[in-house]
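First up is the structure itself, then whatever we jot down about it.
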Amino acid sequence: MGSVLALSSSPGHQNWPFSPDPPPSHWDAHPAHWDSPPRWERRDGRLPNPGSFHSLHRSCKDVFPQQIEGVKMILNKTLSSFFKVSHTLHLSAVSPSYYRFHVEHLQSDDYSKDKDAPALIGEMDSSGSLNAHALLHLNERVRARTVFQTQQSQFVTWQFETEYRGNDFTAAVTVANPDVPRESVILVAHFLQSVSSGLVLGGELVYHRGRAEEGGILTLAGQYSRPNWVATLNAGKGGAHASYYHRANKQIQVGVEFEASTRTQETTTSFGYQMELPEANMVFREVTSCKLASESTWDNDPIKSAGESRHRSRDLFQRHHNGPIVQDITLDQPEYHGLFGC
């Protein structure tokens, strides 16, 4: 992933070893085209740019619906060609209900190839938590991003990311939560290289330094893509993450995802599909997930008996099923769009 937010919050990186309480996943909501290879990098006779590290599994994840408990309503409004706002209301009896206000100021500089790429993104919920992103194309090859997060009145994350995209490679460096008095910092380095027109290889190095702990994790990544399918694998000391995406036809897409974490001792397998009905202006998504967790302990008390031991193991199996809950609906006024799910 290209940021500590993505490392610690996305399902593909549940092996984050330094914090047992990662930030909520909705904080890492940057636009999809921020990760897509720019059009100017697709040249005849040359290898394409591989894109960003945190977009390797995006093809599969975009097939799965957003899982929610209760009722969720999103109202989008375009105020001008540079300014957009949205209101989100989530009502649930299982998790806390909330209201979230989201605002975007669009980018219009000469270097930007995507005229709709947001330059400033701000979001605040009903609890007072704030999330702010600043995205900037320094030139046609260098991009920068700054992220600030607060949990009510406490600062949670402040990070700075720089990404360079060559003709056939992408390199990125992220500095997160630097704290000089406490001598603490998190450094993340990414590199992706296009080996052939369909094969991408790379890796991720995460280094954490603090007063009480210091360590690093290396993760290797690979992706092989063909016109109708994409296979991706991330593997390292913290676990493994594999996904497969297949486009059957213009209306149907399927995705399979497998995740295993050595820290939490959990494995998750998910299967989902997406079916589009252009005539009805509707999109159906469904995902079925199987989660397996194991826990074992071994105790030995040398005072009672050197050979006395106890062994306990437990296997938990949990099955989740989410039906076709997502439907895109266009309301009466053309500048408004709603998304309803339950």
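The values are calculated or read from the model by the stated rules, or taken from the named source; none is laboratory data. Because the structure is a prediction, the values reported are computed rather than measured. Note: ideal-geometry Cβ built from the backbone for every residue, glycine included; neighbour counts use all protein chains shown. These accessible areas exclude ligands, DNA and RNA; they are computed on the full protein's heavy atoms, side chains included. Shrake-Rupley method; radii C 1.70, N 1.55, O 1.52, S 1.80 Å.
If you scan segment 173-206, which residues turn out to be acidic (Asp, Glu) and either within 18 Å of Tyr224 (Cβ to Cβ) or outside any loop (DSSP other than H, G, I, E, B) (or both)?
Selection gives Asp179, Glu204.
Are any residues in segment 113-126 among the acidic types (Asp, Glu) and modelled with pLDDT under 90, and if so, which ones?
Hits for segment 113-126 are Asp114, Asp116.
Of all residues in segment 146-169, which are open to solvent by 30 Å² or more (accessible area, probe 1.4 Å) and either outside any strand (DSSP E or B) or of a type outside the set (Ser, Thr, Tyr) (or both)?
Within segment 146-169, Phe148, Gln151, Gln152, Ser153, Gln154, Phe155, Val156, Trp158, Phe160, Asn167, Asp168, Phe169 meet the criteria.
Could you check segment 127-145 and list, in sequence order, the residues that are under 26 Å from Phe191 (Cα atoms), exposed (fewer than 14 other Cβ atoms within 10 Å of the Cβ) and at pLDDT 90 or above?
Val142, Ala144 - these are the residues of segment 127-145 that are under 26 Å from Phe191 (Cα atoms), exposed (fewer than 14 other Cβ atoms within 10 Å of the Cβ) and at pLDDT 90 or above.
When you scan segment 230-251, how many residues do you find that are modelled with pLDDT under 95 and closer than 21 Å to Val283 by Cα?
Going through segment 230-251 one residue at a time, the tally reaches 4.
Look at segment 151-174 and say how many of its residues are under 19 Å from the mean Cα position of the chain (by Cα) and without any contact (Cβ under 8 Å) to a residue 40 or more places away in the chain.
5
Tell me the residue from Ser95, Ser59 that is among the small types (Gly, Ala, Ser) and either open to solvent by less than 30 Å² (accessible area, probe 1.4 Å) or at pLDDT below 90 (or both), please.
Only one candidate passes the filter, namely Ser95.
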